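This report concerns only the one structure given below.
Just so it is clear, none of the values below were taken in a lab; they were calculated from the coordinates. Computed from a prediction, not measured in an experiment: that's the story for all the values here. Positions of Cβ are generated from backbone atoms using ideal geometry, with glycine treated the same way; all protein chains shown enter the neighbour counts.
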Amino acid sequence: MHAEFATVDTTVDLLRYVAEEVSLAFEQWGNRYARGPSLYFLVLSGVRFDSFVDGLGANRWPVESARVLPDDFTAAVRVASDVAFDCDGAIIVSADGTFQERMVRVRSTPAHRIPDVEYPDWMSAKHLNAFEASTREGVLAAVTLSEENGRVTVFRGGSYENHERDELGGRWRVDSELVVDAAPTSGGDRSRE
């Protein structure tokens, strides 16, 4: 059972935009020797998540620099750009857009609870973990940025919406309730139609 929150769609959209901004800012996707940025956001319905995650060492989201979306959107893009290269683990975000400082490792879902689906070949361990995590109670969504090719994927309830890098930054799919100032502004010439 997944709870519904009025802010979830906006929070997930903003996290997708953060991931897209980081992907579009990286200019070496064609260089096979360059390591690309990697992100994994996990949107949760509550603050109690210790039953399926473990802290991941010193990896942390600097909440002093970016604490909540949409207020800190521009700062979140800057922070995510650094975290994407320097840290491992999932970044916990509550339904209202508040970032948690501790980055985590999400434990595997028990085999009897994993949906019986075929996984696409492009899914790495991080994507598989996000896919499985999205089926857990209390997990509202997961958003990933692939370090291999810049693809951004949104996972919800055991399904996913994939955005290849060449599809990013096009026409923004902004919710009508989303404040215009919260929409991405960096990363090239983009028009919101």
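In plain terms, the bigger the Kirkwood radius, the slower the diffusion; for the stretch 25-78, with that radius from Cα pairs, at 10 °C and 1.306 mPa s, Stokes-Einstein puts D at 111 µm²/s.
How do the peptides 155-165, 133-143 rank, highest first, by the average count of neighbouring beta carbon atoms within 10 Å per residue?
Highest mean packing first, the order is 133-143, 155-165.
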